[in-house]
Amino acid sequence: MKLLGAMLILIAGTLIGFQQAARFADRPKQIRMLVHALQRLETEIGYGHTPLPEALERTAHATEEPVAAMLNETALLLAQAEGLTFQQCWEKAIKLRWKETSLRPSEQGVLLRLGSTLGISDKEDQMKHLRLAVMQLQAEEETARDDQRRYEKMWKSLGALLAVLIIILMV
């Protein structure tokens, strides 16, 4: 019975470690998805002359989850309107869908600042702010890659080692 319990603890600890490591691996991928989505949004606004709600929907269809969920949520909130500005819809969608991502508050800050300029300025100004957000996110992606290299292996090992420690303490 003790052996079975020890195996379950070891498996659980290892899985927790791998789950934490996966969050470090997912973050650069999701930032990259976000960068591609913002670049596509810039193209839709600047060259396609697409209205913002439609541009968000098109960009969401070409983007993977969880980034697509944020864009779809914003488009949905804009369609429902209810007297909300674009910035309010953008912030609400980001905060609602943020838990589904592996992103950090620094990336959220970039997106929230972007939301305050989209939809209220001319096309050129919106494109400029989208490019600025892309540059900021690319810098965050470099940081995320450094974190991934530094912490991914550590969490994989740490989960198993903590489980072994718990087993030793129990025996």
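The values are calculated or read from the model by the stated rules, or taken from the named source; none is laboratory data. On a predicted model such as this, the values are computed, not experimentally measured, just so you know. Cβ sites come from the backbone with ideal geometry, for glycine too, and all protein chains shown count toward neighbours.
Would the stretch 153-160 turn up any residue that is in contact with a helix residue (DSSP H, G or I) (Cβ under 8 Å, 6 or more places away or on another chain), surrounded by 15 or more Cβ atoms within 10 Å (Cβ to Cβ) and under 20 Å from A69 (Cβ atoms)?
So far as the stretch 153-160 goes, no, none of its residues is in contact with a helix residue (DSSP H, G or I) (Cβ under 8 Å, 6 or more places away or on another chain), surrounded by 15 or more Cβ atoms within 10 Å (Cβ to Cβ) and under 20 Å from A69 (Cβ atoms).
Working only within the stretch 43-101, note down all residues that are aliphatic (A, V, I, L, M) and under 18 Å from V134 (Cα atoms). Step through it out loud before you land on a result.
So the first thing to find is which residues in the stretch 43-101 are aliphatic (A, V, I, L, M), and the list is 45, 52, 55-56, 60, 62, 67-71, 75-79, 81, 84, 93-94, 96.
Matches in the stretch 43-101: I45, L52, A55, L56, A60, A62, V67, A68, M70, L71, I94.
Are any residues in the stretch 45-73 part of a helix (DSSP H, G or I), at pLDDT below 85 and not β-branched (V, I, T), and if so, which ones?
Filtering the stretch 45-73 down to residues part of a helix (DSSP H, G or I) leaves 45-46, 52-61, 67-73.
Next cut, at pLDDT below 85 only: 45-46, 52-53.
Answer for the stretch 45-73, where residues must be part of a helix (DSSP H, G or I), at pLDDT below 85 and not β-branched (V, I, T): G46, L52, P53.
Of everything in the stretch 77-101, what is among the acidic types (D, E) and surrounded by 14 or more Cβ atoms within 10 Å (Cβ to Cβ)? Give them in sequence order. I'd like the intermediate steps shown before the answer.
Step one: of the stretch 77-101, the residues among the acidic types (D, E) are 82, 91, 100.
Once the filter is applied, which keeps residues that are among the acidic types (D, E) and surrounded by 14 or more Cβ atoms within 10 Å (Cβ to Cβ), the stretch 77-101 yields only E91.
Among the listed residues R104, R149, identify the single one that is exposed (fewer than 14 other Cβ atoms within 10 Å of the Cβ) and either in contact with a helix residue (DSSP H, G or I) (Cβ under 6 Å, 6 or more places away or on another chain) or under 26 Å from Q20 (Cβ atoms) (or both). Don't jump to the end; show me each part of the working.
Numbers: R104 fails: exposed (fewer than 14 other Cβ atoms within 10 Å of the Cβ).
From the options R104, R149, the qualifying one is R149.
Please state which one of T74, T143 is under 29 Å from Q19 (Cβ atoms) and buried (at least 18 other Cβ atoms within 10 Å of the Cβ). Break it down stepwise before answering.
Working: T143 fails: buried (at least 18 other Cβ atoms within 10 Å of the Cβ).
On inspection, the qualifying residue turns out to be T74.
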